[in-house]
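Right, one structure below, let's go through it.
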Amino acid sequence: MNMSPLLAQWNYVLVIGLMMIGFYTVIARGNLIKKMVGLNIFQTSVFMLYISMGKIKGGTAPILTGDATTVYSNPLPHVLILTAIVVGVATTAVGYALIIRIRETYGTIEEDEIISAINAQDGHQDAS
Amino acid sequence: MTLPALTPDLLIAGLLLLPLIAASTTVLTGKWDNLRDTLSIATGVITAFFAISLFRHISAGGEASLSLFTFAPGFTIDFVVEPLGALFALVAGCLWPVATLYSVGYMRGAHEKNHTRFFFYYAVAIHAAMGIALSGNLLTLFIFYEILTFSTYPLVTHKGNAESVASGRVYLGILVSSSVAFLLLGMIGVWSIAGDLTFVPGGVLADRLDPTYAPILLALFAFGIGKAALMPLHRWLPAAMVAPTPVSALLHAVAVVKAGVFTVLKVVIYIFGTDYLLSTGASVWLVWVASFTLLAASVVAIQKTNLKARLAYSTISQLAYVVLGAALATSIAVQGAALHILMHAAGKITLFFCAGAIYVAHHHSDLRDMDGLGRRMPVTFFCFALGALSIMGIPPLGGAWSKFMLMIGALDAGQTVIVFVLMISSLMNLYYLGQPVIRGFFAPSSDKEETLAEAPLTMLIPIMLTALASVLLFFYADLFLLTFEGVAP
Amino acid sequence: MLAHAPILQIIIPLLAAPLIVLLRQRDLAWIVAVAATALSFLFSARLFLQVAATGEPIIYEIGAWPAPIGIIYVIDSANALVMPLIAGIAFIVTLVGRGMIEAEVDARDHTLFFSAWMLTIAGMLGQVATNDAFNIFVFLEISSLSAYALVAMGAGRDARALPAAFNYLILGTIGATFYVIGIGLLYMLTGTLNIGDLAARLPEIGDTHTGFAALAFIALGLFLKIALFPLHFWLTPAYSFAPSAVSALMAATATKVSVYVLIRLLFGVFGLNFPGMDEVGTLLLWLGVAGAFAGTLAAIWETDLKRLFAQSSIAQLGYMAIGMGLMSSAGLAATFIHLVNHALMKGAIFLALGGLAMHVGRVTMSSIAGVGRQAPLTVAALLFGGLALIGVPLTAGFISKLYLIRAQLDQQLYVIALLTVISSVLALVYVWKIIEAAYMQDRPKDAVVIRETPAMWVGAWILVIATIYFGVQAESLVDAAFRAAETMLGDAQ
């Protein structure tokens, strides 16, 4: 198998790797905090995707220097990712707030325990 | 005092509005029973007058149409009256005041509750029936068809007990499911094929629909029009018998079921076109399905001892006659089918009226308790006999003509077996409708009472009117013989 | 002022959010919310009338930077139809929802509640108005994050709102992230994020793995947002445990906005001829049918009314998916028609449920037994909403069915048409169970006695009247929907 294209595009390999790690964590882990961490990793992989696609060979940081011959990396993905990072932070904040409340209410942050607690309550509630 | 000239479109508007006016006055005068019911009947009489005028206008070759508003792009709610619609409007319009008078007697005699609600929905149902009769396109018809279903539901569940709620479920379930699953699909299919849903003499499908698909489209309509009670979608009819008898009488012997077979006939004549059906043979399967329903329902009727149940299955059988005539698609068969709508209505309503009278006067609903009752209720049982003879198709009652025409129509279509089917059915009718009459007059009664104990006059008068109508219809049948544009003689 | 209407309709609710927090007063918070949604509605209605009259899209450049350098808002026939719908329903629910909010949300949280409320509305309007793909993501997240918080506010009444909100957060974020991955791939391919520009550039250079992957990610991300089967599991818990006003708002608007976004991306950016669109269409078609049945069958077994109607929403979204999957102008028009009609019907139903919930708490078949006599107008609104769901003529639901089935038959998809009508017949079962419980049963002696107040039914009835209006005078809506469909499909039909 010809590995050189894969190695040449190592940034995308990294992105996909992170994405899958994050996604797997979200789905497979029952602990709510681990889910959030997985979500964060997943989102981070997307940041890497955007930023790495904006890098130009020989490009420098996109800050105007006044020199007309400088090659800059594409600043637009950076801007987009700043927004996305903020979104990620907000999501994380809301998520952890919810986890705290869940912990207060159900006494646990393990998904299966929460589900059994709900089912136990449901039995009482539906009988009413 | 001269009456303002009643132009045809005013007649249409009147026929649609008068029942709604009756519904409103019923609600407004709810507390004053006699005023409320008098207004109902009076409005009904005016409606009958309008219906007769319209029928005479159309029979003389006149035209009548009324366009209301645009519903959606390419669809208007409009009304175009043609002979069949005028006939159905006539049936509904004339029988409505008679049935209302009867209902007043019944509701009071049987001590039913919630009269105002009853008469309100009764009137709305008639309005819906008028809408169906006068509709100019399939969409308008479908809309009023659904209004009819939903406005008759409160009537079926009137008593409010568990049995009527359960029956209401069957009623609504079958009628709405069939209309939404099949009729709607068929209707949109026609829209897709013909681009339009207007009723056109001669049909809209010729040259547009590949004949292999025609039977399927016809099936969508035949089974989608659940009100025609074709088996296996007939169960709602016996279920609806749990309602007070006036409901059974008007709605399930006249308005609701007639709306069903009317729609079948209308679709056959003005959407498919009789020529198209004859040349493609797309309706031959329906001839057999209708024949099966015809016979099977009669067999079940024989086994029923509850009078209303027996009459219900008799209705299912008689409705199949109309569907049969439509499926045969020859001009005489179609004319016979249309005539049968009228004849059966008059006959069956008499029978149901009598059943209700027996219940009010003696609280009997089972035939086994009615031995000898004819001697105590001679008028009722005599009228029952007249109605029964009409259903059996024996002269000099009106039903004889329609049955005769259906037989001729079957021969025309080359379906000689159908003639035998009709004859066998008549024999079965003779048995299950004759039995109550014979036993009523001649069998010894179980309680040995022989005093005269007829039903109240408010019930007897309608009974006599409709029985008389059945007789008169025999002699004046030619007045009601319709010629359809687009149906080759 | 009017020239800035496209941005004002979004900015006003957006600014109202922090304003409400600063005001710190419950009554003022509500007044500001009502005022902001009213203004949004007026602006969006005005824009709709303008676009309908001229047929020309209105282009608004933010900061006077022209496309494709700047972010522009384009109000064309498609979003001009959706925006007044969202703003109008937001206005009505805000106006009448006060009673419901007071009954269900702790008084100390009201200002924060209304603040999040404004954010979610602003986010929804922003998604619809904008013509920049990344801007859609930003507003999507604004709307979603505040929605997660709003759903969680239901914890005061039922603690299950918390795991429901958390689940919603996880799945919603995954969906949005998939979307943003797709946008990134598109940007990599074309160098632009402007929708019009993307549509222009993609046909020549789109036929690559990158383009195909972009389509897959965007489609999948948005499928999750429209609760397409089998990605629908987040919706039922979120709608049933949220406060009633939140359920009413979201059931009527949130998923509709996502449907719009999906249409805009699939048809307005990729277009019918893009490689892979056929597969996407097939998925939409069959998953839509599956959703229609899954939702309806689940609803039949439900006794909790909010859960029941949430399941019903999944079915209705299935119909919209089918319309999209038809890949035709008629199908897309049917989706737009149903988008509007469903918003009205579901809004009416959830408002009526909210009205009942103010008195009976948890609205179940047993808690509403015999309620028809005590709260006649509220239950009548529920009845009409239910009839509209079944598709009885003279309601808007009938019009939706009419055009959807027509679009299916035009493409000879007979089996799909039959399945559509069968699932709609099944809806009769659960609607009638509710009608029987409310009207035919006797109210138990120990049940809560309801004294009906206008607050319970006014909002629901406004939407019911709209449903009946569009059921009887459908011409304007149908024409607008067809114009919207044609605008979306552009030249490639």
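The values are calculated or read from the model by the stated rules, or taken from the named source; none is laboratory data. Keep in mind that what you see is a predicted model, and the values were worked out from it rather than measured. Glycine gets a Cβ as well: all are built from the backbone with ideal geometry, and neighbour counts include every protein chain shown.
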Every residue from region C:426-452 that is farther than 27 Å from C:ALA388 by Cα and in contact with a helix residue (DSSP H, G or I) (Cβ under 6 Å, 6 or more places away or on another chain): C:VAL448
Residue satisfying condition, being hydrophobic (A, V, I, L, M, F, W, C) and over 18 Å from the mean Cα position of the chain (by Cα), within set C:PHE350, C:PHE336, C:PHE384: C:PHE384
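In region C:381-411, what residues are surrounded by fewer than 24 Cβ atoms within 10 Å (Cβ to Cβ) and at the interface with chain B (Cβ under 9 Å from one of its Cβ atoms)?
As a first pass, look at region C:381-411 and keep what is surrounded by fewer than 24 Cβ atoms within 10 Å (Cβ to Cβ): C:383, C:390, C:394, C:406, C:409-411.
Within region C:381-411, C:ILE390, C:LEU394, C:ARG406, C:LEU409, C:ASP410 meet the criteria.
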Some residue of region B:174-185 being over 23 Å from the mean Cα position of the chain (by Cα), within 12 Å of chain C (Cβ to nearest Cβ) and β-branched (Val, Ile, Thr): no
Residue in region C:418-430 that is of a type in the set (A, V, I, L, M, F, W, C), within 22 Å of the chain's Cα centre (by Cα) and either facing chain B (nearest Cβ under 10 Å) or on the phi > 0 side of the Ramachandran plot (or both) present: yes
Top-ranked residue in region B:53-72 [being exposed (fewer than 13 other Cβ atoms within 10 Å of the Cβ) and farther than 15 Å from B:SER135 by Cα; ranked as nearest to the other protein chains (Cβ to nearest Cβ)]: B:GLY62
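Scanning region C:152-163 for residues that are in a helix (DSSP H, G or I) and either at pLDDT 95 or above or within 9 Å of another protein chain (Cβ to nearest Cβ) (or both), which turns out nearest to the chain's Cα centre (by Cα)? Walk me through how you get there before you give the answer.
Filtering region C:152-163 down to residues in a helix (DSSP H, G or I) leaves C:152-156, C:161-163.
Next, from what is left, pick out any that are either at pLDDT 95 or above or within 9 Å of another protein chain (Cβ to nearest Cβ) (or both): C:152, C:155, C:162-163.
On the way: C:ALA152: 19, C:ALA155: 23, C:LEU162: 22, C:PRO163: 22 Å.
By that ranking, first place goes to C:ALA152.
Please verify whether B:THR152 is β-branched (Val, Ile, Thr) and more than 17 Å from the chain's Cα centre (by Cα), treating the condition exactly as stated.
Working: β-branched (Val, Ile, Thr): yes; more than 17 Å from the chain's Cα centre (by Cα): no.
The answer is no for B:THR152.
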Top-ranked residue in region B:144-162 [being free of Cβ contacts under 8 Å to residues at least 60 places away in the same chain and of a type in the set (A, V, I, L, M, F, W, C); ranked as farthest from B:ALA239 (Cα to Cα)]: B:PHE144
Members of region C:382-409 found to be under 24 Å from C:ALA352 (Cα atoms), of a type in the set (Val, Ile, Thr) and in a helix (DSSP H, G or I), listed by number: C:ILE390, C:ILE399
Residue among B:ARG117, B:ARG169 that alone is assigned to a helix (DSSP H, G or I), at pLDDT below 90 and either touching a Cys at 6+ places or on another chain (Cβ under 8 Å) or farther than 19 Å from B:ALA282 by Cα (or both): B:ARG117
Residue match in region B:128-140 (condition: assigned to a helix (DSSP H, G or I), more than 30 Å from C:THR420 (Cα to Cα) and either within 10 Å of chain C (Cβ to nearest Cβ) or over 17 Å from the mean Cα position of the chain (by Cα) (or both)): no
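Restricting attention to region A:46-63, which residues are of a type outside the set (S, T, N, Q), within 14 Å of chain C (Cβ to nearest Cβ) and under 25 Å from A:VAL87 (Cβ atoms)? Let's see the steps before the verdict.
Taking region A:46-63 as the starting set, the residues that turn out to be of a type outside the set (S, T, N, Q) are A:46-51, A:53-59, A:61-63.
When the remaining residues are screened for being within 14 Å of chain C (Cβ to nearest Cβ), the result is A:46-51, A:53-56.
Correct list: A:VAL46, A:PHE47, A:MET48, A:LEU49, A:TYR50, A:ILE51, A:MET53, A:GLY54, A:LYS55.
Hey, among C:THR111, C:THR120, C:THR177, C:THR94, which residue is surrounded by fewer than 24 Cβ atoms within 10 Å (Cβ to Cβ) and either hydroxyl-bearing (Ser, Thr, Tyr) or part of a loop (DSSP other than H, G, I, E, B) (or both)? Spell out the reasoning first.
Numbers: C:THR120 fails: surrounded by fewer than 24 Cβ atoms within 10 Å (Cβ to Cβ); C:THR177 fails: surrounded by fewer than 24 Cβ atoms within 10 Å (Cβ to Cβ); C:THR94 fails: surrounded by fewer than 24 Cβ atoms within 10 Å (Cβ to Cβ).
Among C:THR111, C:THR120, C:THR177, C:THR94, only C:THR111 is surrounded by fewer than 24 Cβ atoms within 10 Å (Cβ to Cβ) and either hydroxyl-bearing (Ser, Thr, Tyr) or part of a loop (DSSP other than H, G, I, E, B) (or both).
Within the bounds of region B:178-196, is there any residue that is under 30 Å from C:ARG373 (Cβ atoms) and buried (at least 22 other Cβ atoms within 10 Å of the Cβ)?
Within region B:178-196, the first condition is being under 30 Å from C:ARG373 (Cβ atoms), and the residues that meet it are B:179-180.
Filter once more, keeping what is buried (at least 22 other Cβ atoms within 10 Å of the Cβ): B:179-180.
Yes: region B:178-196 contains one or more residues that are under 30 Å from C:ARG373 (Cβ atoms) and buried (at least 22 other Cβ atoms within 10 Å of the Cβ).
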Residues satisfying the stated conditions in region A:80-98, i.e. surrounded by 13 or more Cβ atoms within 10 Å (Cβ to Cβ), within 11 Å of another protein chain (Cβ to nearest Cβ) and within 19 Å of A:PHE42 (Cα to Cα): A:LEU80, A:ILE81, A:THR83, A:ALA84, A:VAL87, A:GLY88, A:ALA90, A:THR91, A:THR92, A:VAL94, A:GLY95, A:TYR96
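On the given criteria, is C:GLY211 assigned to a helix (DSSP H, G or I), of a type outside the set (A, V, I, L, M, F, W, C) and crowded, with 24+ Cβ neighbours inside 10 Å?
Taking the combined requirement at face value, the residue does not satisfy it.
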Criterion violated by A:GLY66 - all others in (1) assigned to a helix (DSSP H, G or I); (2) more than 10 Å from chain C (Cβ to nearest Cβ); (3) farther than 19 Å from C:ASN135 by Cα; (4) not aromatic (Phe, Trp, Tyr) satisfied: (1)
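In this structure, does B:ARG208 turn out to be within 30 Å of C:TYR439 (Cβ to Cβ) and free of Cβ contacts under 8 Å to residues at least 24 places away in the same chain?
Here the answer is no, as B:ARG208 does not meet what is asked.
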Qualifying residue in region C:226-233 (condition: crowded, with 24+ Cβ neighbours inside 10 Å and not in a loop (DSSP other than H, G, I, E, B)): no
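From the list C:LEU47, C:LEU14, C:LEU22, exactly one residue is under 24 Å from C:ALA484 (Cβ atoms), of a type outside the set (Ser, Thr, Tyr) and modelled with pLDDT of 90 or more. Which is it? First the steps, then the outcome.
Working: C:LEU14 fails: under 24 Å from C:ALA484 (Cβ atoms); C:LEU22 fails: under 24 Å from C:ALA484 (Cβ atoms).
Answer to the check: C:LEU47.
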Yes/no for B:THR483 being in contact with a Ser or Thr (Cβ under 9 Å, 6 or more places away or on another chain) and modelled with pLDDT under 80: yes
Scan of region B:367-411 for residues that are surrounded by fewer than 19 Cβ atoms within 10 Å (Cβ to Cβ) and within 24 Å of the chain's Cα centre (by Cα), ordered by number: B:PHE382, B:ILE394, B:PRO395, B:PRO396, B:PHE404, B:ILE408
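I need the full set of residues from region C:49-74 which are assigned to a helix (DSSP H, G or I) and in contact with a strand residue (DSSP E or B) (Cβ under 8 Å, 6 or more places away or on another chain), in order please. I'd like the intermediate steps shown before the answer.
Going through region C:49-74, the residues assigned to a helix (DSSP H, G or I) turn out to be C:49-54, C:62-64.
C:GLN50, C:VAL51, C:ILE62, listed by residue number.
One line per residue, one yes/no per condition, for (1) at the interface with chain B (Cβ under 10 Å from one of its Cβ atoms); (2) over 23 Å from C:ALA343 (Cβ atoms):
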{"site": "C:ILE435", "(1), (2)": "yes, no"}
{"site": "C:TYR439", "(1), (2)": "yes, yes"}
{"site": "C:ARG443", "(1), (2)": "no, yes"}
{"site": "C:MET456", "(1), (2)": "no, no"}
{"site": "C:ALA460", "(1), (2)": "no, no"}
{"site": "C:ALA466", "(1), (2)": "no, no"}
{"site": "C:ALA480", "(1), (2)": "no, no"}
{"site": "C:GLU486", "(1), (2)": "no, no"}
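Taking the stated definitions as given, is C:PHE293 of a type in the set (A, V, I, L, M, F, W, C) and within 23 Å of C:ILE422 (Cα to Cα)? Full working, then the answer.
Working: of a type in the set (A, V, I, L, M, F, W, C): yes; within 23 Å of C:ILE422 (Cα to Cα): yes.
It is true that C:PHE293 is of a type in the set (A, V, I, L, M, F, W, C) and within 23 Å of C:ILE422 (Cα to Cα).
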